[in-house]
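Take a look at the structure set out below.
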Amino acid sequence: MDWRALLALLWMVAFAGVLMLARFGLTEEGLYERLRPIPLFTALYRGLALAMEAGWSLHYALGQGSLWGEEGGMGLAGLSTLKAVGRFALRGDRPPEATTGDGLLYFLGRSTLRRLCRENHVSGDCSERMHLMGLMPWGYVVGVLSTPLAERTEVSVAVGHFGPEIGLLTETAPVVLTASEDLSAQALMYAAADETLVGEDVFAAPAYARAGASHLASLLAQDVFRWLLVLALLLGGPLYLIFGGGG
Amino acid sequence: MKRLSPSTGVAVGVGAVMVLALLFSGPLFEGLRWLFLDWAVLVSGVAVFAAFLYFLQSQWKLILERRSGWPYRAIMVVAAVTAFAFTLLRPQSPWLLEYVLIPGGAAFLALLAIVVTYRGLWMAFRRERAWAWVFAGAVTLLLILDIVRGSIGPVFLAEAVWYWAEHVVTRAGVRGLLLAMALGLMATGLRVLGGVDRPYEE
């Protein structure tokens, strides 16, 4: 058996262990208190809640990525955040309008919206508020920009896989939050958006929106393992220089 | 404890087999891995087609009801059906790619460059944050260096700074971000594998 595979499996099992320990060893409040503070989220969700209570309409962009490869994780994170952010939108009795450029995400988004509305006792079929907008990256952005959806949008949240085309989304309405795992999109939005999430923080959005204890536990596990990674890098660098291929 | 539904059981089981197949080699795991991948490709294709039909149906309904922006929707439907029919009839033809998608994409990239430069400068002035200025300064410096390299050829200092920025600073930053994001991806994957995140369930 390949030692890299064994190492990956061990890493995954250890991660799952810490996640379970956090999930079942602490209450939701306890988990929330232990998270490192990201001021952006506190301000964001407070602002979002106020905007929704004032009756503003929310557009939630799930992006273009399919569930294949590393884009898939971001798609799933986008769906979790949709459910969490959707709760804020329902304070103003207006379920969010969501868009995607991927067939599978379209159906999963419909299910998520339907479940969101059912759990929050909203009448009507909320899945109708999920829209497919072009199956290519630019086509998706053009679809969002040109349809009447852009005119009636007052706040936008974009969490999912986006490439550089996300830069044009900021032209529709104030984009209060953007998160994409694509590094070019992150760099671009750092310059162009009001607030953007960088690095692993893109996966923190559901936890800070209180999407459930499991999200909080996984974020806590993420933080623990990030420090382990930092330690490994700090120790591994000099060790590699001394014993590896440094000379 | 809450009972898992059949769909969750299937999703968790298939996910677990795929993880094991990625980590361990062997004919059984390899066979299962390709079988599941084939099914996933098929399901994904059907989902795209079904989503396209939903899209046409919903747009058609809005056009008939003369909702706001219906002429635009009509153009969009005609364009979508034309592109679909053209691709079905001439699947090998590069016409759509060469004369529509690539020029369209290039035009949008040009537009994006202007939008982002304008927004970036505006944000740097508005935010009044040290990092915004560092960002703007780094972009300006790298642009100047690139212009120098492109117009008067390699200049020792410009080359050295460019190399350092690209191979040391940028790569280190990118690796750090990718490592951290891998943790996020793993956490997301484990939540799906554990049946905690179930976007497929209603």
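The values are calculated or read from the model by the stated rules, or taken from the named source; none is laboratory data. The structure displayed is predicted, hence computed values, not measured ones. Note that each Cβ is placed from the backbone with ideal geometry, even for glycine, and that neighbours are counted across all protein chains shown. Accessible surface areas use protein heavy atoms only, side chains included; no ligands, DNA or RNA. Shrake-Rupley method; radii C 1.70, N 1.55, O 1.52, S 1.80 Å.
In the range A:154-182, what residues are in a loop (DSSP other than H, G, I, E, B) and not polar (S, T, N, Q)?
Passing the criteria: A:E154, A:F162, A:G163, A:P164, A:E165, A:E171, A:A173, A:P174, A:E181, A:D182.
What residue, of A:E151, A:E97, A:E128, is charged (D, E, K, R), in the same structural domain as A:T178 (by TED's automatic domain parsing) and at pLDDT below 80?
Exactly one residue qualifies, and that residue is A:E151.
Need a quick list: helices (runs of 4 or more DSSP H) entirely within the range B:117-202 having at least 3 residues that are touching a Phe, Trp or Tyr at 6+ places or on another chain (Cβ under 8 Å) and either over 30 Å from A:R114 (Cβ atoms) or more than 7 Å from chain A (Cβ to nearest Cβ) (or both).
B:130-152
Looking at B:L53, is it open to solvent by 40 Å² or more (accessible area, probe 1.4 Å) and within 16 Å of A:L132 (Cβ to Cβ)?
When the stated conditions are applied, B:L53 passes them.
Looking only at residues in the range A:7-39 that are farther than 30 Å from A:T196 by Cα and either open to solvent by 80 Å² or more (accessible area, probe 1.4 Å) or under 21 Å from the mean Cα position of the chain (by Cα) (or both), which one is farthest from the other protein chains (Cβ to nearest Cβ)?
Checked the range A:7-39; the qualifying residue farthest from the other protein chains (Cβ to nearest Cβ) is A:L21.
Is it the case that the range B:19-26 has a residue that's under 24 Å from the mean Cα position of the chain (by Cα) and either surrounded by 15 or more Cβ atoms within 10 Å (Cβ to Cβ) or at negative phi (or both)?
Within the range B:19-26 (the criterion being under 24 Å from the mean Cα position of the chain (by Cα) and either surrounded by 15 or more Cβ atoms within 10 Å (Cβ to Cβ) or at negative phi (or both)), the answer is yes, since at least one residue qualifies.
Among the listed residues A:R4, A:R23, identify the single one that is outside the structural domain of A:E165 (by TED's automatic domain parsing) and closer than 22 Å to A:D201 by Cβ.
On inspection, the qualifying residue turns out to be A:R23.
Listed residues A:G143, A:G65, A:G72; which is crowded, with 19+ Cβ neighbours inside 10 Å and under 19 Å from B:G69 (Cα atoms)?
Exactly one of A:G143, A:G65, A:G72 is crowded, with 19+ Cβ neighbours inside 10 Å and under 19 Å from B:G69 (Cα atoms), namely A:G143.
Restricting attention to the range A:183-214, which residues are more than 10 Å from chain B (Cβ to nearest Cβ), part of a loop (DSSP other than H, G, I, E, B) and closer than 26 Å to B:R198 by Cβ?
Answer for the range A:183-214, where residues must be more than 10 Å from chain B (Cβ to nearest Cβ), part of a loop (DSSP other than H, G, I, E, B) and closer than 26 Å to B:R198 by Cβ: A:L197, A:A209, A:R210.
Consider A:T178 against the criteria (1) open to solvent by less than 40 Å² (accessible area, probe 1.4 Å); (2) at the interface with chain B (Cβ under 8 Å from one of its Cβ atoms); (3) of a type in the set (S, T, Y): it satisfies all of them except one. Which criterion is unmet?
(2)
With B:S58, B:S25, B:S7 as the choices, which residue is more than 22 Å from B:L88 (Cα to Cα), outside any helix (DSSP H, G or I) and within 11 Å of chain A (Cβ to nearest Cβ)?
Result: B:S25 is the single residue among B:S58, B:S25, B:S7 that is more than 22 Å from B:L88 (Cα to Cα), outside any helix (DSSP H, G or I) and within 11 Å of chain A (Cβ to nearest Cβ).
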